[in-house]
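First up is the structure itself, then whatever we jot down about it.
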Amino acid sequence: MKSHQSTQTMKPATAAKKLGVYLEATPAEFQEGAVSRDELNALQADPPEWLRELRRNGPHPRPVVAARLGVSISGLARGGVTEALTTEQIEALKQENPDWLQKERATQADVRKETARVKAKNEAKAAERADEQRR
């Protein structure tokens with residue numbers, strides 16, 4: 001007996017998120033239909049020109065903007081950035097380097113340091129437990 005496997009599809013918003021692009025900037029045919037897993041894989045493996053252009057110049061969704069600026073999504077909101085930005089706008093913000101951006105970058109750096117510290121502490125504890133079990 002064969003099991004019938006249906007094609008997995010996702011909403012355009014989910015596909016756009018997985019592709020790292022701003023949904024409203026995608027072509028109408030992408031926004032209007034469901035995207036199959038195979039179509040998503042094909043877009044990732046061999047992106048069409050519109051996708052390459054969006055990734056290069058934007059507008060970019062907030063997670064991409066936050067990553068390019070080196071801050072959290074919450075930090076963007078605290079800085080008053082609530083909309084998608086183009087690569088040019090992101091670069092202009094970097095050049096301008098407003099106080100909020102400096103503060104949020106420092107906060108993000110502290111978070112990364114603390115995460116690394118906790119990870120190292122947990123790894124040391126795990127190694128210690130492994131040593132005790134070997135004895």
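Side notes on the structure shown:
- Residue match in region 120-130 (condition: open to solvent by 90 Å² or more (accessible area, probe 1.4 Å), modelled with pLDDT of 90 or more and of a type in the set (Lys, Arg)): yes
- Per this entry, Val35 is counted among residues that are more than 30 Å from Pro98 (Cα to Cα) and among the β-branched types (Val, Ile, Thr).
- Check on Arg105, closer than 24 Å to Pro12 by Cβ and either in contact with a Gly (Cβ under 6 Å, 6 or more places away or on another chain) or charged (D, E, K, R) (or both): no
The values are calculated or read from the model by the stated rules, or taken from the named source; none is laboratory data. As the structure is a prediction and not an experimental result, all values here were calculated from the model. Quick reminder, even Gly has a Cβ in these numbers, built from the backbone with ideal geometry, and neighbours come from all protein chains shown. We work out accessible area using only protein heavy atoms, side chains counted, and drop any ligands, DNA or RNA first. Shrake-Rupley method; radii C 1.70, N 1.55, O 1.52, S 1.80 Å.
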